[in-house]
Amino acid sequence: MEIRTERLLLRRPRLDDLDAMFEIMSDPVAMRYWSTLPHANREVTRPWLERKIARTADGGEDFVIEHEGRVIGDVGAGRLPDFGFMLRRDCWGKGFATEASRAFIDHAFRNTAATELCADVDPRNMASLRVLDRLGFVETGRAERTFLLGDEWCDSVYLVLQRPA
């Protein structure tokens, strides 16, 4: 399955995405607000990618984002209704997260039984919170010390987007 937007191709993840995803997931700046530490090597990224591929085969809704033939991130919901996205740092601020997310949201609400999508974001991640706001997500709550990242406790902002009526 593929989804095309004006500038992007969203497609199912494959094992040959390993190098591109490792490049993103090994970047400490790109991973600053992710729920895991930056990946030290491809052998950390490989099982993550294999789980993503397996989830997709079992009905998950994960997509890799390509721009001009290059993998620049991922978007989707490995387990509906949980929604998320990640982009290469050099692709930030260009509208790609919003464009890919809009396409995914349209797909999810048209082609799955999901009645809502949910996001869990570190409150310091203002860029992602702005994207989610543009997409219509609304905050439903906050919690402190929701996960330990290395030796740092992180908080969460919970958001939801309801299926349009």
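Below 8 Å between Cα atoms, with a sequence gap of 6+, how large is the relative contact order for segment 38-113 in percent? Contact order relative to length: 19 percent. Computed over the chain with a Gaussian network model linking Cα atoms closer than 10 Å, the most mobile of 122, 16, 155 is 16.
Each of 1, 40, 18 was placed along the dipole of segment 1-48 (beta-carbon charges, centred on the mean Cα), and the one lying farthest toward the positive end is 1.
When all protein chains stay in place and ligands, DNA and RNA are ignored, the 1.4 Å accessible-area order of 152, 50, largest first, is 50, 152. Towards the positive end of the charge dipole of the chain, with charges on Cβ (+1 Lys, Arg; -1 Asp, Glu), say which of 29, 140, 150 has the farthest Cα. The Cα lying farthest towards the positive end belongs to 140. When the Cα gyration tensor is reduced to axis lengths a ≥ b ≥ c, the ratio a/c stays below 1.5 for the chain, which is therefore classed as rounded. The portion of the accessible surface of segment 1-73 made up by carbon and sulfur, rounded to a whole percent, is 50 (1.4 Å probe; DNA, RNA and ligands excluded).
Which one of 64, 138, 75 has the biggest mean-square fluctuation once the chain is modelled by GNM with Cα springs under 10 Å? Taking springs between Cα atoms under 10 Å, the residue moving most is 138.
The length gained on full extension between residue 6 and residue 130, counted as 0.36 nm times the residue separation minus their Cα-Cα distance, comes to 42.5 nm. Highest mobility in the GNM of the chain, judged by mean-square fluctuation with C-alpha springs under 10 Å and restricted to 92, 34, 153, is found for 153. For segment 97-105, the Karplus equation 6.51 cos²θ - 1.76 cosθ + 1.60, evaluated at θ = phi - 60°, returns couplings of 5, 5, 4, 5, 5, 4, 5, 5, 4 Hz by residue, with Gly and Pro reported as x. For residue 146, the residues whose amide H sits under 5 Å from its own are 154, 155, 156, ignoring neighbours fewer than 5 places away on the same chain, with H placed 1.01 Å from N.
Between residue 110 and residue 89, the simple spin-label model (points 7 angstrom out along Cα→Cβ) gives 3.6 nm.
Taking the Cα centre of segment 114-156 as reference, the dipole from Cβ charges on Lys and Arg (+1) and Asp and Glu (-1) amounts to some 180 debye. Put a plus charge on the Cβ of each Lys and Arg, a minus charge on the Cβ of each Asp and Glu, and nothing anywhere else: the dipole of the chain about its Cα centre is then about 280 debye. With a ≥ b ≥ c taken as the square roots of the eigenvalues of the C-alpha gyration tensor of segment 36-82, please select rounded if a/c is under 1.5 and otherwise prolate if a/b is larger than b/c or oblate if it is not? Oblate, since a/c reaches 1.5 and b/c is not below a/b. With N counted as the residues of segment 23-113, its alpha-carbon radius of gyration over 2.2 N^0.38 Å works out to 1.08.
The values are calculated or read from the model by the stated rules, or taken from the named source; none is laboratory data. Computed from a predicted structure; not experimentally measured. Positions of Cβ are generated from backbone atoms using ideal geometry, with glycine treated the same way; all protein chains shown enter the neighbour counts. Accessible surface is based on the protein model in full, side chains and every heavy atom, while ligands, DNA and RNA are left aside. Shrake-Rupley method; radii C 1.70, N 1.55, O 1.52, S 1.80 Å.
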